[in-house]
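One structure is given here, and the rest of the page talks about it.
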Amino acid sequence: MPSRKFADGEVVMGRWPGSVLYYEVQVTSYDDVAHLYTVKYKDGTELALKESDIRSQSSFKHRKSQSSSSSPSRRSSSRSRSRSRSPGRPARGKRRSASQSREQKDDKKKTIQETSLALPVLALFKRSENNTERYNGEPESTEKNDTSCVILEQKLKPDLEINRVLEQYSLRSRKDDKKKEEIYSEKKTFMAVKPIEKVPTKTKELEFGGRIGTFMLVFLLPATVFYLLLMCKQDDPSLLNFPPLPALESLWEGRVFGVFLLWFFLQAVFYLLPIGKVVEGLPLSNGRKLQYRINGFYAFILTTAAIGILLYFQFELHYVYDHFMQFAVSATVFSLALSIYLYIRSLKAPEEELAPGGNSGYFIYDFFTGHELNPRIGNFDLKYFCELRPGLIGWVVINLAMLLAEMKIHNLSVPSLSMILVNSFQLLYVVDALWNEEAVLTTMDITHDGFGFMLAFGDLVWVPFVYSLQAYYLVAHPTSITWPAAAVITVLNCIGYYIFRSANSQKNNFRRNPADPKLANLKFIPTATGKGLLVTGWWGFVRHPNYLGDIIMALAWSLPCGFNHILPYFYVIYFICLLVHREARDEHHCKQKYGLAWERYCQRVPYRIFPYIY
């Protein structure tokens, strides 16, 4: 095993990924398995670099002394020259000293060295200029993708600009234009042939309580779902009134599991239909972009048509209510089997395809958080499919089944006002998510988290069976509300939805095209990654305005259930805890990614989710 060359805390020169520019960095840690150094730039940005991309500062000083004609042979020949003559100026006479002959022989080598030196100097000059410029709320730069080798090549200054900097730092000029073209063509060839690839390092900071916490969550999450569903069936659903455990044989039925499989694969067929546009996701660590077909809303329309046909032929949809616990058990078994498959296949996945947060080397942790970032079977993206299709559309179908069950059990000609509000609010939420399906490609679930038990169980079990808890509760515990109360609750939901949608649209539009004239009024803080941090609009109000809108809507969904029991408010309580935890994860990742720019953003926007509170 090769020994490490640079020690922790050592100040060295690190190459910026995808370019030939070197900056002064400090080594913070070293990964013995991946053989990567974690370095920190002056602006706080942290990156993982290979040892070949790091050089000592002395090597740059040595190059500078060579190109400044400080060798003994040059000093001996300089007596016959004028002191005002530059080191790169050729001799006027035909006689040449021995040192001048050596200078001519090694001219090409030194020219290459000067090119290598000129680029770091230019980079350091520009970097210092960006860091010392005071931000006034209206930076001139817009978002650019610094990971692209093509864009970095376009950013390189032309030869006239390089010559100007060379002259400013008294470096040797090139001998002739032909050699300059050769050097520049070699530089372009090098950048095209050998792009820098970021290889994911081992996950060092474990979340969710580490190995012990994730092990417990594998059992605690299904137990929570079953407990909530059993409580809703109780005549007195108080927290202290623990429900009796059902017989094990009553929790499983092959027919129910078959219906669940039919539902899952029906949504898979809708996903594979060649309808809807195909878009690219955000760049991966190796610069590659995956393609995704955006047809979730079409799948919802087809599902609605299929459910309508079933109801036309008098299929009793309240069958879902009668076997709700068995459906939850079937979904749990399926998500567990899917998680095992995902982990086994991830063991053969290339290193660059592993999730940055699920590559710890510990089985239970990687199994829970997800070891592979984007597992695919051909073009079928498993994580992206499960994110919106079976669980989210299934949530709406379950709500409809609860509405029909309420009408049948209580002999109602029309659903109760409470049930109508819950179904309407949550239907709007689901339709909005499917209509703006492309926005999910920029979320942490897609860009950072791997696909393991956490997301598989969350998408297939937690979302459809916990998010529908209010509708399930109202079937067994009908609640009457007045029209004025319904109007107030509706206004509250509309406020939350407006904040949620407008904030997400603002963010997604800015990420996709920050130069859009429609966004010209938005101010942002530029970062070392080339992306900008919005400090106006909703994102200048709080750091996560979309979370604020989500929580307001969650409260509006629970209020139609009344105040007799806290059980229907489990969703809003859980959601606050979830979003506060996710916000903490976002803060940690953004601090590592954006460095000092994130600190400036936090100073401009001090409140995280709740204005003037948190």
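The values are calculated or read from the model by the stated rules, or taken from the named source; none is laboratory data. Small disclaimer: the values here were computed from a predicted structure and weren't measured. Here the Cβ positions follow ideal geometry from the backbone for every residue, glycine too, while neighbour counts run over all protein chains shown. For accessibility, only protein heavy atoms count, side chains too; no ligands or nucleic acids. Shrake-Rupley method; radii C 1.70, N 1.55, O 1.52, S 1.80 Å.
Being out of contact with any strand residue (DSSP E or B) (no Cβ under 9 Å at 6 or more places or on another chain), farther than 19 Å from K233 by Cα and not assigned by the TED database to the domain that holds G361 is a description that applies to A486. Within this structure, L262 fails the test of being surrounded by 11 or more Cβ atoms within 10 Å (Cβ to Cβ) and modelled with pLDDT of 85 or more.
Taking every residue in region 42-67 that is in the same structural domain as Y22 (by the TED database) and at pLDDT 75 or above and pairing it with any residue that is part of a strand (DSSP E or B) and open to solvent by 80 Å² or more (accessible area, probe 1.4 Å), at least 6 positions away or on another chain, the pairs with Cβ-Cβ distances below 7 Å are E46/K40. The number of residues in region 1-45 being of a type in the set (S, T, Y), assigned to a loop (DSSP other than H, G, I, E, B) and either under 25 Å from the mean Cα position of the chain (by Cα) or surrounded by 14 or more Cβ atoms within 10 Å (Cβ to Cβ) (or both) comes to 2.
Looking at (1) in contact with a strand residue (DSSP E or B) (Cβ under 7 Å, 6 or more places away or on another chain); (2) open to solvent by 50 Å² or more (accessible area, probe 1.4 Å), which one does I566 not meet, given that it meets all the others? The failed condition is (1). The sole residue among L469, L460 that is open to solvent by less than 20 Å² (accessible area, probe 1.4 Å), in the same structural domain as P222 (by the TED database) and under 25 Å from the mean Cα position of the chain (by Cα) is L460. The set of residues in region 221-246 being in a loop (DSSP other than H, G, I, E, B) and not hydroxyl-bearing (S, T, Y) consists of Q234, D235, D236, P237, L239, L240, N241, F242, P243, P244, L245, P246. Of all residues in region 265-320, exactly one satisfies the criterion of being free of Cβ contacts under 8 Å to residues at least 24 places away in the same chain, touching a strand residue (DSSP E or B) at 6+ places or on another chain (Cβ under 6 Å) and β-branched (V, I, T), namely V278.
Considering (1) surrounded by 24 or more Cβ atoms within 10 Å (Cβ to Cβ); (2) out of contact with any Asp or Glu (no Cβ under 9 Å at 6 or more places or on another chain); (3) within 28 Å of L317 (Cα to Cα); (4) among the acidic types (D, E), the lone condition that D432 does not fulfil carries the number (1). When the residues of region 502-521 are narrowed to those that are among the charged types (D, E, K, R) and part of a helix (DSSP H, G or I), which ends up surrounded by the most Cβ atoms within 10 Å (Cβ to Cβ)? Applying the filter and picking the extreme gives K507. The residue list I377, I393 contains one member that is open to solvent by 20 Å² or more (accessible area, probe 1.4 Å) and within 30 Å of G450 (Cα to Cα), which is I377.
Only one entry of L559, L596, L579 meets the criterion of being under 30 Å from G44 (Cβ atoms), open to solvent by less than 50 Å² (accessible area, probe 1.4 Å) and among the hydrophobic types (A, V, I, L, M, F, W, C), and that entry is L579. Within region 295-337, the set of residues being open to solvent by 20 Å² or more (accessible area, probe 1.4 Å) and over 18 Å from L262 (Cα atoms) comprises F297, Y298, Y312, F313, Q314, D322. Among the residues of region 247-305, those identified as aliphatic (A, V, I, L, M), over 15 Å from H323 (Cβ atoms) and in a loop (DSSP other than H, G, I, E, B) are L273, I275, L282, L284, L290.
Quick check on I525: is it of a type in the set (V, I, T), in contact with a Phe, Trp or Tyr (Cβ under 7 Å, 6 or more places away or on another chain), within 24 Å of T490 (Cα to Cα) and not assigned by the TED database to the domain that holds S468? Working first, answer last.
On the way: of a type in the set (V, I, T): yes; in contact with a Phe, Trp or Tyr (Cβ under 7 Å, 6 or more places away or on another chain): yes; within 24 Å of T490 (Cα to Cα): no; not assigned by the TED database to the domain that holds S468: yes.
It is false that I525 is of a type in the set (V, I, T), in contact with a Phe, Trp or Tyr (Cβ under 7 Å, 6 or more places away or on another chain), within 24 Å of T490 (Cα to Cα) and not assigned by the TED database to the domain that holds S468.
Would you point out which residue out of I364, I340, I409, I344 is surrounded by 15 or more Cβ atoms within 10 Å (Cβ to Cβ), out of contact with any Asp or Glu (no Cβ under 9 Å at 6 or more places or on another chain) and not small (G, A, S)?
Checking each option against the conditions leaves just I364.
For K408, indicate whether it is within 22 Å of I307 (Cβ to Cβ) and not assigned by the TED database to the domain that holds N493. The answer is yes for K408. Answer yes or no as to whether N359 is outside any helix (DSSP H, G or I), touching a residue at least 40 places away in the same chain (Cβ under 8 Å) and surrounded by 23 or more Cβ atoms within 10 Å (Cβ to Cβ). In short, yes.
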